[in-house]
Structure formats: structure tokens, C-alpha cells
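Rule-based calculations on the coordinates, nothing more; no lab input. Nothing here was measured: the structure is a model prediction, and the numbers come from that model. Here the Cβ positions follow ideal geometry from the backbone for every residue, glycine too, while neighbour counts run over all protein chains shown.
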Amino acid sequence: METYRNLGDLRPGAILAEDVFANTAHPIVRKGTTLDMEHLEILHLFAIKRVKVEERIVNRVQPEQTAGSPAGTIETDLDQLLENKVSRTKDLHTMYNKAVNEYKREFTSWRSGMKLDIAKVRLLIMPLLETYMEHRKLLVILNEYSNRKEYMYHHAVSVGMLTAALASELEYPKGITLQLGLAGTLADCGMAKVPSQLLEKAAFLTKSEFSEVKKHPILSYQMMQDSPLLRQEMKLAVLQHHERLDGSGYPRGDQGEKISQYAQVIAVADVFHAMTCERVYRSKESPYRVAEMLKEEDFGKFDPAVVDALYDMIGMPVAGDQVILTNGDSGSVVIGNPAFPFRPVVKVKNTGEEVDLTAHRAVSIEKVIG
């Protein structure tokens, strides 16, 4: 028997009776999934109110009951754990949206001629940097928060968060990590000085138009150069965040050791978020596919140590993980692949076929859902 249940009434072990979508081309959680705490967190994150489930429950977790404890204690503890976890996710998403809205207000003021106030930007981004570094699984789905209309503001906040997370993976001291996160957030502040019609143009930019946009790292540097709140090496990182190790970047065509590693950390965060988001002139890519592209197709452009930190931050799918593939299929990881971490062998749910993603390069992992 199947029935619709409010999200607040669900418990781990419930089985989905239909795919769940959230304004996405593919389901965020597939039919037949046995829900655990992570699934419930994802459903809440995407503001799903009701889902269709089977009446039977799979008891996936058997917590120990201490001698003499009341029978209802375990259920009460589970309710409290679920309530705390969902509440925490909601709080994180609220914090994120607040930061995006505040950044948008600041950006609008810069566009109207107001001076950059780094203290304000630091105030809006620091709580996120501190909090999300403890919840790194959510960093992989930051692209789901973004939208084409307000991409610029989502991008700034997300790049700051991703930059700090990468710096933490690289084991930078906390002070450097937080400064880099702030620099990542401010990397595109110079876009406020670029003609708005170029930023809002739906078609590809002409060569001369793109030349105007390519000035934004210099404009960002100029906007922050007099502030004592950002270290000089961070200002340089902002100036260089579109430079590439092979000399193919801009604005100066710096290459190799002339580019600071701090700039490379912001660069990887910037490209990763940009390519995983839907924008006015192109569709988004899978986060796992983008990470692969940075390591393989763009080899020689980015610092390998920073790209490896991105891999570590995303996390390698392991046997038993439930995944959604870019072709719409869902399944479970059978065997991981240390040589190609995002290309394991996946058993497809509908057919039972075991697909080795190293041999099927056109298909990638879209999401790991538990």
C-alpha cells in the first residue's frame, strides 16, 4: 500500500513510492530509495513538503537500548536527532540566502558609485565560512541554490565558501583560510564597474565585449587596494584568479610560478561553481564531471594540488552509495575506482546491468544521494 506523507511525519526506513523532483531535470531522490537521515535532510533542503511512500518500513538502524530504558526512549531520541538535523540544514540554507541577498545589496551600491566596504562583506560571509566547513557534503550542491537571474550574487557567495573549503583541505592556517574565503567572495566585485548590459546579455559576447569583462580582476583589485582588512597577498590572488599556469589566462597572461597558489585556490573554486551552474548562455554540468575536466582536460592550467583538494572535498563514491547518473539512470556503486574516483562500477537499478563508468565516458555521476 502506498500513501502520501508530510515530510515532518517521515522517519528513516520509509521507502519512496515515486521519484521526487525539485524543479530539476532529474529526480533528487529516486523511487525505491530507502530513506535515511541524509535523504530527509536533502528533501528538506529542497523544500519538499510531501512525498509518496510505501507503508512498509525497512529498519536500517537498530540502536542499542540500555537495560531498563523505556520502550519509547529510542523513538524519542530518533525524533530529536531528526528534528535537530533538519533544523540545522534549514538554518544553513537560511544563512546562505541571507548572505546572497546582502551581497546583492552591496553589489548594487558599488554599481551606483559607493565605495567597497570590506567590513560589511566580511560580516556577511564569515558565519557561512565557519559553518559550512563543518558540513562539506552540502558544498557539492551549492549549484542547486543558484538561478540564472541572480547567478552573479550566488556565485560570489559560493566561491567564497568553496575557496575556504579548499584552503582547509590544503591545511592552511585558519586565519589564511578565512582571509581566502573573503577574497574569493570579493573576486568579482569589479563586475560592478562593467557595463550592466554586458553582464545581462543572453547571447555570447563579442571579442570587444569580452575584453571589457576581462578587466574585472583589475577593477576588483583597484576597489580593494586601499583597505587594510585584506592582506596584500589576498589582493594579488584576486587580481590573478583568472590567470592560468600555462599563460592562457588574463588580465596579464601570467604563468607558472608568477601566479600565487592563493590565486589558484580561488581559480578552482570559481571555475568549479561557474561550470556546475545554469547560466543565461549554457546549461550546467555535473559537479563530478567538472572536477574530472579540471584534472584531465584542463591539465596544465590549474595547480594539481588544488585540484586534488577539490577531489578530496567532493569525496569518492564508495560501494553501496546510491547515485543518479547524467543519463537519468539511478543505481548503486558496486566497486570504487581509486585511479578514477568519480568513475566507479554502478549497478543500474532498472536493468540490473553493471556499468563501468571508465568505459562509458559520456555518462557521469550527477548526484550521490546516500
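Points to keep in mind about this one:
- The simple spin-label model puts a point 7 Å past each Cα toward its Cβ; for GLU171 and GLU297 those points are separated by 3.3 nm.
- For the peptides 284-296, 339-351, the ranking by packing is 284-296, 339-351, with the highest mean count of neighbouring Cβ atoms within 10 Å listed first.
- Inter-centroid distance (Cα atoms) of segment 91-125 relative to segment 155-202, Å: 12
- Here the extension length gained between ARG11 and GLU209 equals 65.9 nm, from 0.36 nm per residue of separation less the Cα-Cα distance.
- Charge tally in the Cβ shell below 15 Å around ILE266, where Lys, Arg are +1 and Asp, Glu are -1, ILE266 excluded: -3
- Contour minus Cα-Cα distance for ASP117 and ASP91 (0.36 nm per residue): 6.7 nm
- Modelled FRET efficiency - R0 22 Å, SER283 with GLU200, Cβ distances, 0.05 increments: 0.75
- Spacing of the two label points (7 Å from each Cα toward its C-beta) at ASP356 and LYS149, in nm: 4.8
- Extension gain (nm, one decimal) between LYS98 and VAL318, 0.36 nm per residue minus Cα-Cα: 75.8 nm
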